[in-house]
1. Those residues that are touching a helix residue (DSSP H, G or I) at 6+ places or on another chain (Cβ under 7 Å) and either among the hydroxyl-bearing types (Ser, Thr, Tyr) or buried (at least 21 other Cβ atoms within 10 Å of the Cβ) (or both), I need them from the range 89-107; list them, please.
2. Might you check whether a residue that is in contact with an Asp or Glu (Cβ under 7 Å, 6 or more places away or on another chain), in contact (Cβ under 8 Å) with a residue 12 or more places away in the chain, basic (Lys, Arg) and within 17 Å of Gly61 (Cβ to Cβ) occurs anywhere in the range 113-128?
3. So which residues in the range 92-140 are out of contact with any Cys (no Cβ under 9 Å at 6 or more places or on another chain), assigned to a helix (DSSP H, G or I) and closer than 19 Å to Val51 by Cβ?
4. Among the residues of the range 127-141, which ones are within 20 Å of Pro91 (Cβ to Cβ) and either crowded, with 16+ Cβ neighbours inside 10 Å or aliphatic (A, V, I, L, M) (or both)?
5. If you take the residues of the range 93-143 that are within 10 Å of the chain's Cα centre (by Cα) and of a type in the set (Val, Ile, Thr), which of them is farthest from Ala68 (Cα to Cα)?
6. Which of the residues that make up the range 70-94 are farther than 20 Å from Asp31 by Cα, of a type in the set (Gly, Ala, Ser) and touching a residue at least 12 places away in the same chain (Cβ under 8 Å)?
7. Kindly evaluate Gly124 against the criterion of being surrounded by 14 or more Cβ atoms within 10 Å (Cβ to Cβ), modelled with pLDDT under 95 and under 23 Å from Asp40 (Cα atoms).
8. What are the residues in the range 9-35 that are out of contact with any strand residue (DSSP E or B) (no Cβ under 7 Å at 6 or more places or on another chain), closer than 19 Å to Val128 by Cβ and among the aliphatic types (A, V, I, L, M), if any?
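The values are calculated or read from the model by the stated rules, or taken from the named source; none is laboratory data. Bear in mind that the values here come from a model prediction, so they are computed numbers and not experimental data. Neighbour counts are summed over all protein chains in view; Cβ atoms, including those assigned to glycine, are modelled from backbone coordinates with ideal geometry.
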Amino acid sequence: MSAVLATAAADPAAAVAHFSARLVFETDVSDVHADLAAGDPRIVVVDSRSVESWRQGHIDGALHLPTAEIAARAPSVVPRDVTVVTYCWGPACNGATRAALEFAKLGYRVKEMIGGFEYWAREGFAVVTVSGVDRRPADPLTAPVHAIACGC
């Protein structure tokens, strides 16, 4: 008896629909890093965490907009013609999902950055702290240690 096959895999057409839909709603830290490094003006990265979390470390170039403030502040600080990319702590946190929902309710195009701040730091990308810019070595369990991206 296969644990994997105890529930049958979806037929290919259903799988195409499912995985295509996920890519519409999600992006990953490597792709966000590449767009920020390229200065792509079509995205705005939003950190939806608390002030204390922001000070502990955040993505350079991100806009700090805690979820509870999105409805009131987003229209005056986030252009309508961009795609918003939300992030929170990491995979065990649904804060980025809640923030993305708030932006969608306001009529913004939005994607959630899967992995969140945790995977941003674990992949070795620079973070801004109250002490300055910090960069940790890439965690070999999350990213290639001698390459820019995983190539997936």
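1. Residues of the range 89-107 touching a helix residue (DSSP H, G or I) at 6+ places or on another chain (Cβ under 7 Å): 89-91, 93, 95-96, 98-99, 102-103, 106.
Scanning the range 89-107 gives Gly95, Ala96, Ala99, Glu102, Phe103.
2. no
3. Glu102, Trp120, Ala121
4. At the first step, the residues of the range 127-141 found to be within 20 Å of Pro91 (Cβ to Cβ) are 127, 136, 138-141.
Matches in the range 127-141: Val127, Ala138, Leu141.
5. Ile114
6. Correct list: Ala71, Ala74.
7. Details: surrounded by 14 or more Cβ atoms within 10 Å (Cβ to Cβ): yes; modelled with pLDDT under 95: yes; under 23 Å from Asp40 (Cα atoms): yes.
Yes; evaluated as a whole, the condition is true for this residue.
8. Taking the range 9-35 as the starting set, the residues that turn out to be out of contact with any strand residue (DSSP E or B) (no Cβ under 7 Å at 6 or more places or on another chain) are 9-24, 30-31, 33-34.
With closer than 19 Å to Val128 by Cβ added as a condition, the list becomes 30, 33-34.
Once the filter is applied, which keeps residues that are out of contact with any strand residue (DSSP E or B) (no Cβ under 7 Å at 6 or more places or on another chain), closer than 19 Å to Val128 by Cβ and among the aliphatic types (A, V, I, L, M), the range 9-35 yields only Ala34.
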